[in-house]
Structures are given as C-alpha cells and as structure tokens.
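The block underneath contains the structure these notes are about, expressed in structure tokens.
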C-alpha cells in the first residue's frame, strides 16, 4: 500500500514537519498512528477552510491510522490569536457548547467514528477543571516568554495589543497534545500551517515533561495562486452547512474558480487519484471548464451527498447549455404582500433573494450592467416588475455571467 505521507506530499498538502523522515517511517509502518487535529468552535458550522483538515484526516484514516478530532470547548473560551489583528469575540459557554454539537454532526459525515476507528473529544473536559497555579508550575515553567514573542502569532499582535488571556492559548493547545499523548497514545499533531508555532509548543512540552518523542506536521492553507484565502463569498464564508451556503451556491463557487487554482483544489479537496489529476493538468482553454465541473461535483458530493451534487450539476448544465429555468435552481418565493401597488423594484428583489447584501450593492450592479431579468439586461436602478411579469409563475434573475436565481410568485 502507498505510504499516506507520499500521497499527501504528492497532493501538495504538506507544508512543514518536525521530522519528515521519521514521520514518513511511522506512517508507513505496521502499527497505526494515533494523531489529532483541533477545531475551535468559533461558529455554528465548519467552513471550507476546515475542509482541508477533514480531507487530511480522511486520507490518514483510509490508510489505517486513527484520528482524534479535538473540539475546543476549552480553548474556545480563550480564542486563538493566530491570524487576528484584534481579540476574538468572547463567547458564552452555552454558545460554545451549541457550536460543538454542530461540529460533531458535520464531522461524522467525513470521518468514521464507529468501533473506535476514530475518537471525538472536547478539551473542555480537562482544561476547565485545571487548577491555574498547578498549571503554571507544571506547564508554564516549560515555556520561554522571549521565545514565544518571536512567533508570528504573537509578534504580529504586539502593536495592536495582545491580551494576557490570548497569551495563554499556546500553553493550552500544547497541554492538549500532552494530555492526548498520555491518555490515548497520540504521537502526531496536525494542523493548518498557521498553527506551526502552537504545534511546536506541544511537541516540546511532551519531550520535556513526558520525555516522549512526538511529532508535528502542518498543511497548506487553502489559498489562490495569488496567495489570498479561498472560501469567501459575497455572503461571507463558504460554509459546509447547507442552510448557510446552499448546495447549488457551494457547487457554483468551485465551478467558477480561476483556471490557475482548479488543479490545486482538485488535489487538496477531492479523492480523485493523483494520476488522473495529472492528466487533467494538460487541459487548456475551454477544456479546463470540464475540469472545473468535475471539481465542483466531487467537492459537493463529499460535503452534501450524491443527490445534491446531481441536482447542482443538472442545474449548472441546463443554465450554461440551453438557458432553461431548472426546477433545482436556487429560488426565493414572493407573495403579493411583497408588492406595492402591484409592483416591486428589482433592487428589492436582489436584496430579498440574498443575491446582494444591500440596496447600495444592488444599485451598483444594475448601473454596471451586471443584472439580467429573464435574459433582458436591466440598467435602470428604478426598474420595477409588475405582477404581470410573473405570468409563467416565476422570473429568472442572472447576476453576472454565472449566478442564476429563480424568483417565484406564490
């Protein structure tokens, strides 16, 4: 069987390791490796930035290793300063518990937790009961403040202000690794590349406090070829929850990625064999659209299931092909109460459908010629639709070249 380290490396997933040769050896050995990735419950849904980590866990589990999904019910009380210019919003314990439950449901779609094949733990179970003085003596004594301040996660915050609350975060995450090593034999911590300094802290704590050799490995963040984070839409983050990001909208995001990013996304976000992806790299010009469609289908299949992926594919093909209004197209239903004197402005429709976040954005799009109603361009910001416009029961709004939305009159 192929060493999963090589599989991850060929897909461009691996960013940094504490000991690449040794990690490759243990991942290719006869004994399963117990590893963990932490997820702080900062929202009520995982987003596409988490999806790379879920894919890594799935690759590792398929290779026979045992994942631990650590939910940060405890660390979420503090908030990771990594990548933030200001302190994270403080959440109540009730909100954190609710987010944890949401994460549990979503993770179970990607990782097999049956029969001990994987564990799901919550660090609130051990962090919230710690005695602070004991923690400082047993854990804090192993950390150098001078060294911590050289790490980017803290250094970048010094100008804007770094709270002592956040300064404790590295110690807490490091203690997580120590605890999981002692309790579950966990010897490998994984995470996004922005977690490198926190992972180093855990590796060193296990070595100093438990005199055990453990390892860390980080993975590439999901960014464009220009280095910008992927997964942002006009509505905000690209969520894995279908109520927050509808499956068709999710599909369309991947169908519309830049040509320069499609192969990278195929490697990071799908299980399509690497040899097949190498053939896709040869696609040029219009042929790249077929690769984008395959990417969109594969990712939607993993996140939302076959039925939703099939629906999204059918809608996309009907719209880009014959221009028909498919039954599976994202839709919004209006009633007569939404009309004033039998009329409704296109601006109001755009806001009600969620195609734009504000009336100001709607005006801008209309003035720039970016809105079409039933294939007719609308450039007048005062344009209204009457009830008669819905004679067939609906109209189709098109934003830009590729975003379609059916507006139904009930």
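Read the figures in this text as sums done on the coordinates, not as results from a lab. Keep in mind that what you see is a predicted model, and the values were worked out from it rather than measured. Neighbour counts are summed over all protein chains in view; Cβ atoms, including those assigned to glycine, are modelled from backbone coordinates with ideal geometry.
Data for the structure
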quantity	calculated
Whole-percent pair-distance distribution, where bins are 20 Å wide, for the alpha carbons of the chain	24, 49, 24, 3
Angle between the chain longest axis and helix 93-107 axis [Cα atoms, degrees, rounded to 10]	80 degrees
Potential lengthening between residue 2 and residue 105 on full extension [0.36 nm per residue; Cα-Cα distance subtracted]	34.0 nm
Alpha-carbon Rg/Rh ratio, for region 351-410, with Rh computed the Kirkwood way	0.94
Estimated FRET transfer efficiency when R0 is 56 angstrom, pair residue 287-residue 381 (beta carbons, to 0.05)	0.90
Efficiency of FRET from Cβ geometry, residue 314 and residue 389, R₀ 30 Å, rounded to 0.05	0.70
Inter-part distance where region 231-296 and region 44-72 are each reduced to a Cα centre, Å	19 Å
Distance-filtered residues of region 247-275 - backbone nitrogen under 17 Å, label point 7 angstrom along residue 225 Cα→Cβ	254-268
Difference of contour (0.36 nm per residue) and Cα-Cα distance, residue 136 to residue 94	12.4 nm
Helix 169-184 axis, angle to the chain major axis (alpha carbon atoms, nearest 10°)	70 degrees
Simple label model, 7 Å out from Cα along Cβ direction - residue 183 to residue 402, nm	4.4 nm
FRET efficiency estimate (nearest 0.05) - Cβ-Cβ, residue 340 to residue 117, R0 56 angstrom	0.45
On Cα atoms only, tilt of 48-62 relative to the major axis of the chain in degrees	60 degrees
Size-normalised alpha-carbon gyration radius of region 4-219, reference 2.2 N^0.38 Å	0.98
Under 12 Å from the residue 10 label point (7 Å along Cα→beta-carbon), backbone N, region 276-291	276-279
Percent antiparallel among DSSP beta bridges (both partners in region 4-219, rounded to 5)	15 percent
Tensor-based shape of region 191-310 (alpha-carbon gyration tensor, a/c under 1.5 rounded, otherwise prolate or oblate)	prolate
Residue 150 paired with residue 276, simple spin-label distance in nm, labels 7 Å along Cα-to-beta-carbon	4.6 nm
